[in-house]
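Bear in mind that the values in this text are calculations on the coordinates, not laboratory data. Keep in mind that this is a model prediction, so the values were computed, not measured. FYI the Cβ positions are ideal-geometry reconstructions off the backbone, even for glycines, and counts take in every protein chain you see.
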Amino acid sequence: MKIIGLTGGIGSGKSTVLALFKALGAVTYVADIEAKKLMNTDDELRNQIIKLFGEKAYENGELNRTYISSVVFNNEEKLNALNALVHPKVREDFHHFIKKQKADFVIYEAAILFESGSNQICDYVITVIADFEHKIERIMKRDGVSEAQVLERMKNQSDDDYKIKKSDFVIRNNHLEDTKKQVFTIFELLKKLK
């Protein structure tokens, strides 16, 4: 089974592209969603997070994402420590997931695919990009934030050029009809790859 990594910067439209692949019948795994689940359900991981962030890390038995975000936003050391706890658990969960699949390939979607080293488990990588204006517009609309807040978030991500150079496929996601054509073409290519 081939593992296809899918990544892209904030506002690139990864979720839209993933939904298009899914509509074509692709099996998908969303690392960020699974990471959130694991942080709430894996006892060992919960204990490690509490050790790292203190009792405030969980509120009413659920991960206190607002608190964690406020800590890691300006503390790269804590962010790296959190990632070092979470990423191995996500990889382990993904390996259990693919053992249950019978598809020719699985799409592994992760915002920080390269930064986490998860690209190393992928046979091919797809990066989703979009024009700067489209990205800003999407994030402002989706999250109800100002342009300044969007630009602040973007500062913490690696740029598209870095991802493009390390990718096998690039999807330019500016107009939905064009994106659909690109996804279909790549999907058909992936089905032929052995």
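At a threshold of 8 angstrom on Cα-Cα distance, excluding pairs fewer than six apart, so keeping six or more, what relative contact order does the chain reach in percent? Before the final figure, lay out the partial values.
Numbers: 237 pairs, mean separation 75.6, N = 194.
Reported relative contact order: 39 percent.
Name the most mobile residue of Val71, Val27, Val183, meaning the one with the largest mean-square fluctuation, in a Gaussian network model of the chain with Cα contacts below 10 Å.
Top of the fluctuation ranking is Val71.
Between Lys166 and Thr185, what is the spin-label point distance in nm, taking each point 7 Å from the Cα along the Cα→C-beta axis?
With each label placed 7 Å out from Cα toward Cβ, I get 2.5 nm.
By average Cβ neighbour count within 10 Å, what is the ranking of 131-138, 93-100 from highest down? Intermediate results must be reported in sequence, preceding the final value.
Numbers: 131-138: 15.4, 93-100: 12.2.
The packing order, highest mean first, is 131-138, 93-100.
Determine, from the Cβ-Cβ distance of Leu193 and Gln120 and an R0 of 30 Å, the FRET efficiency 1/(1 + (r/R0)^6), rounded to the nearest 0.05. Kindly include the intermediate steps, with their values, before the conclusion.
Working: r = 18 Å, r/R0 = 0.61.
It comes out at approximately 0.95.
In whole angstrom, how far apart do the alpha carbon centroids of region 25-57 and region 58-135 sit?
10
Could you check the spin-label model distance between Ser146 and Asp104? Points 7 Å from the Cα along Cα→Cβ, value in nm.
Spacing of the two 7 Å Cα→Cβ label points: 5.0 nm.
Would you mind calculating the gained length between Asn60 and Asp131 on full extension (0.36 nm times residue separation, minus the Cα-Cα distance), in nm to one decimal?
Details: separation 71, 0.36 × 71 = 25.56 nm, distance 4.06 nm.
Length gained, Asn60 through Asp131: 21.5 nm.
Of Lys155/Lys181; Lys22/Lys89; Lys51/Lys166, which pairs sit farther than 26 Å apart, going by alpha carbon to alpha carbon? Write down the numbers at each step before the final one.
Values: Lys155/Lys181 31 Å; Lys22/Lys89 24 Å; Lys51/Lys166 35 Å.
In this structure, Lys155/Lys181; Lys51/Lys166 exceed 26 Å between Cα atoms.
Can you tell me the dipole magnitude for region 33-89 around its Cα centre, using point charges on the Cβ only (Lys, Arg +1; Asp, Glu -1), in Debye to the nearest 20? Don't jump to the answer; show the numbers that get you there.
Details: 8 positive and 9 negative charges, 15 e Å.
Its charge dipole is roughly 80 debye.
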